[in-house]
Amino acid sequence: MKKGFHEPGDKPRRFYKDVSVVAEPGGFQVRLDGRNVRSPKGGVLVLPTQALADLVAAEWTAQIDVIELAEMHVTRLAFTALEAIPPARDGVAQQVADFAGSDLLCYHAEEPEALAARQLEHWGPVLDRADRELELVFLRTMGILHRAQPGETLERVKALALELDDFALAGLAFGTSLFGSAVLAFALQRGWLNGEQAYELSRLDEAYQQEKWGIDEEAAERTARLFEEAKMLDRWFRALG
């Protein structure tokens, strides 16, 4: 039986030698030995910019003996932007708004004082910029008890998300989930922060605890994995221009 993406748990072997990027009407295609890359659903992979196509091509070039699709984050996000986002744009934008309703940056620690001060120093300017440049007014609170955000703010978050094209919206939704913060996702998408900065802001509490109590191997592996995803998302937004 020929191996392919449709066999669960089975990794297809690398079947191509050459990876190229070709400009076509409507975008840029990544080709393997002259054939279009196709998604698991059979759709042709067409990217909106050459820079993004180059990122996808680099992932395919990096495969050695087998195709590790689970590690090809740009390619997978591109598949999402092409096939999952278009029929569900309103729902995806609503998910971003729902995250904003309990945005990480709005929940500051009551104690210890050092952590609370760190959050105020690093999160405050991002929230202030969101207010100033995006007209997003978030209410901040101390502790973990939920505090509802203004309906106007959440409607504005959804509207801003829907202004984005499918590729930028896919990145925004991915970043919102990754950081636990729609504000940080917008900050990365708009270039206020890079991926490393956004991820570090999303884990201020975790980093503080690790400074006090140390870090175990499992936590270190998770941090490294999510850090790589944040850097990938930074490249994604920069490639979109």
Tally Lys/Arg at +1 and Asp/Glu at -1 over every other residue whose Cβ is under 15 Å from the Cβ of Leu127; what's the total? +1
Straight-line reach only, C-alpha to C-alpha below 19 angstrom: list the aspartates and glutamates that Lys11 could link to, leaving out same-chain residues fewer than 8 apart. Glu59, Asp65, Glu68, Glu71
Treating the Cα atoms of the range 84-172 as identical point scatterers in vacuum, please give the log10 of the normalised Debye intensity I(q)/I(0) at q = 0.13, 0.17 Å⁻¹, two decimals. -0.48, -0.75
Quick one: accessible area per residue over the chain, 1.4 Å probe, rounded to a whole number of Å²? 53
At a Förster distance of 41 Å, what's the computed FRET efficiency of Asp18 paired with Asp90, Cβ-Cβ distance as r, to 0.05? 0.55
Taking Rh as the Kirkwood radius computed over C-alpha pairs, what is the Stokes-Einstein D of the range 132-241 at 10 °C in a medium of viscosity 1.306 mPa s, expressed in µm² per second? 104
How much of the accessible area of the chain, in percent, comes from carbon and sulfur atoms when a 1.4 Å probe is used? 52
Roughly how compact is the chain, stated as its Cα Rg over 2.2 N^0.38 Å to two decimals? 1.12
Please identify, among Trp213, Trp123, Trp60, the residue showing maximal mean-square fluctuation in a Gaussian network model of the chain using a 10 angstrom Cα cutoff. Trp213
Write down the Kirkwood hydrodynamic radius of the range 201-241, to one decimal in angstroms, obtained as one divided by the mean of 1/r over all alpha carbon pairs. 11.5
Using 0.36 nm times the number of residues separating Ala62 and Gln50, minus their current alpha carbon distance, what extension gain do you get? 2.5 nm
Among the DSSP H helices of the chain, those whose Cα atoms extend at least 15 Å along the helix axis and whose mean Kyte-Doolittle hydropathy is 0.5 or higher are 50-62, 166-179
Could you tell me what percent of the DSSP beta bridges with both partners in the chain are antiparallel, to the nearest 5? 85
Show that you can apply the helix-only estimate: for the chain, add -39,500 (n - 2.57) for every DSSP H stretch of four or more residues, divide by all residues, and state [θ] at 222 nm to the nearest 500. -17000 deg cm²/dmol
Asp10 to Asp216: extension gain in nm, 0.36 nm per residue of separation minus the Cα-Cα distance? 71.0 nm
For peptides 109-118, 229-238, sequence by mean Cβ density within 10 Å, most packed first: 229-238, 109-118
As a test of understanding, state the convex hull volume per residue of the range 76-130 from its alpha carbons, in Å³. 114
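The values are calculated or read from the model by the stated rules, or taken from the named source; none is laboratory data. From a predicted model like this one, the values you see are computed outputs, not experimental measurements. Positions of Cβ are generated from backbone atoms using ideal geometry, with glycine treated the same way; all protein chains shown enter the neighbour counts. We work out accessible area using only protein heavy atoms, side chains counted, and drop any ligands, DNA or RNA first. Shrake-Rupley method; radii C 1.70, N 1.55, O 1.52, S 1.80 Å.
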